[in-house]
Amino acid sequence: MQVKILGSAAGGAFPQWNCACANCHAVRGGQFQGKARSQTQVAVSIDGESWFLLGASPDLRYQIEATPELHPRSGTRSSPISGVVLASADLDHILGLLLMRELQPFRVWAAESVVKILRTENNMFGMLNRIAHQVQWQTICAGEAFSLKAPHGKDPAISCRAVAVSSHYPAYATHTQKSDEGVLGLILTAPSGATIGFFPQLAQLTPELKKIFASLDCLVLDGTFWSDDELICLQGSGQRAREMGHVPVGGEDGTLRQLAGLNTGRKMYIHINNTNPMLNEAGAEHRAVRDAGWELAEDGCHFTL
C-alpha cells in the first residue's frame, strides 16, 4: 500500500492566514527552522493508479497539482481519485469535496450522521449530485470493515475499518442528532497484511485505543496541540485542547508520554496546529518528539507499507 502525505497542518494551515504568532511570523520571514504546511490530507493506493483520499482538505486542489500521481491521465476529463473516506464533518476535513464537483464520478464513505449533515442539512453539497452516478455515498459503521476498490478495479482492495473516537461534532452541525461516531479513526489494511492507523483527531486515549495502536505497522496520530492551554497562553482566552477534542502531545498526560512504550514500526504526528512549538526543528519540543521515536508528518512524504 502506497501512502502519500499531501498535507499535515491543522485547519488554517501553517502559516495561518490571520496569525502572527512566533511560528507564523518566523516562517513568513524565512527565519524559521521548520517547514510550512498545508491542511491535513492523506492519499492511499495499492497500484499507484487508483487513489483514495482520507478526508477532503480545503487545500485539495493545490495538493493534487503538487502530486503528479493524482493528475488526469487521459481524455478530456479524468481522475485517478476513486473515492474519499471521511472521518468527521469538520470543515477542514470536508471542504475539499466542493472542489471535486465537476461531474467526476467517485465514491464517499462516511458515518450516517456525517452523510446526513452533508446531504440533508447543507444545500451546497447538492453540487456533488447534480447528475446520476456523480457521487456514490456509502455509510460506514464503527467496527465494520469495507473495501476501498476502484469501481472496475481488478486488483486486491484496501480493507478499511472505522473506530469510534468521539461524539464531537462541528459547531455548524446544529440540527444533527449526535452519535458516538461524530469522529472516527481509520485502520487500513493492505493485501499484504500491513496496517496503518489514521487518527487526526483524538479526544481521549483509552486502553482500547492503546491496544489498537500497538497492533499497527504505522500510526498517524493527532498532533494538533503541544499543551492543553496552548491557545489560552497565546491569546489570553479561548478553549483548551481537550475541549476542542484533541489530546495534547506534551505534558504528563499527553500522547507522547502515554504512548512511550509503543513499539509500532512507524509513528508520526499529523494535523499540527500553527501554534505548536514542536514545528520548530531547533526547539526542545521537536527534539523530545524525535528522541521518543516519532516523526512529524510533512507535505510530500511518500512511503510504502
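The values are calculated or read from the model by the stated rules, or taken from the named source; none is laboratory data. Just so it is clear, the structure is predicted and the values come from calculations on it, not from any experiment. Cβ placement follows ideal geometry from the backbone for every residue including glycine, while neighbour counts extend to all protein chains displayed. Ligands, DNA and RNA are excluded from the accessible area calculation, which covers all protein heavy atoms including side chains. Shrake-Rupley method; radii C 1.70, N 1.55, O 1.52, S 1.80 Å.
What to note about this one:
- Between 110, 171, the distinction of being within 21 Å of residue 246 (Cα to Cα), at pLDDT below 95 and of a type in the set (A, V, I, L, M) belongs to 171 only.
- Put simply, of 27, 42 the only residue that is touching a Phe, Trp or Tyr at 6+ places or on another chain (Cβ under 8 Å) and over 23 Å from residue 87 (Cα atoms) is 27.
- The residues of segment 1-13 that are assigned to a loop (DSSP other than H, G, I, E, B) and either basic (Lys, Arg) or open to solvent by 10 Å² or more (accessible area, probe 1.4 Å) (or both), listed by number, are 1, 11, 12, 13.
- Applying the condition of being farther than 15 Å from residue 54 by Cβ and free of Cβ contacts under 8 Å to residues at least 40 places away in the same chain to segment 171-206 and asking which residue is most open to solvent (accessible area, probe 1.4 Å) yields 180.
- Segment 225-253 residues that are outside any loop (DSSP other than H, G, I, E, B), paired with ones that are among the charged types (D, E, K, R) and open to solvent by 30 Å² or more (accessible area, probe 1.4 Å) (beta carbon under 8 Å, 6 or more apart): 231/240; 232/240; 242/228
- Answer from 203, 132 - the residue that is part of a loop (DSSP other than H, G, I, E, B), of a type outside the set (D, E, K, R) and under 15 Å from the mean Cα position of the chain (by Cα): 203
- Verdict on residue 253 being of a type outside the set (Val, Ile, Thr), surrounded by fewer than 20 Cβ atoms within 10 Å (Cβ to Cβ), at pLDDT 95 or above and touching a Gly at 6+ places or on another chain (Cβ under 7 Å): no
- Condition met for residue 95 (open to solvent by 10 Å² or more (accessible area, probe 1.4 Å) and touching a helix residue (DSSP H, G or I) at 6+ places or on another chain (Cβ under 6 Å)): no
- Residue check for residue 236: open to solvent by 50 Å² or more (accessible area, probe 1.4 Å), of a type outside the set (Asp, Glu) and touching a strand residue (DSSP E or B) at 6+ places or on another chain (Cβ under 9 Å): no
- Qualifying positions in segment 14-62 - among the β-branched types (Val, Ile, Thr), in contact (Cβ under 8 Å) with a residue 24 or more places away in the chain and open to solvent by 10 Å² or more (accessible area, probe 1.4 Å): 40, 46
- Across segment 267-278, a minimum of one residue is classified as farther than 20 Å from residue 15 by Cα, among the basic types (Lys, Arg) and either crowded, with 21+ Cβ neighbours inside 10 Å or in contact (Cβ under 8 Å) with a residue 40 or more places away in the chain (or both).
- Restricting segment 136-170 to residues that are in contact with a Cys (Cβ under 9 Å, 6 or more places away or on another chain) and open to solvent by less than 20 Å² (accessible area, probe 1.4 Å), the residue that is nearest to residue 126 (Cα to Cα): 140
- Residue 109 meets the conditions (1) crowded, with 20+ Cβ neighbours inside 10 Å; (2) in contact with a helix residue (DSSP H, G or I) (Cβ under 6 Å, 6 or more places away or on another chain) in every case but one. The failed one is (2).
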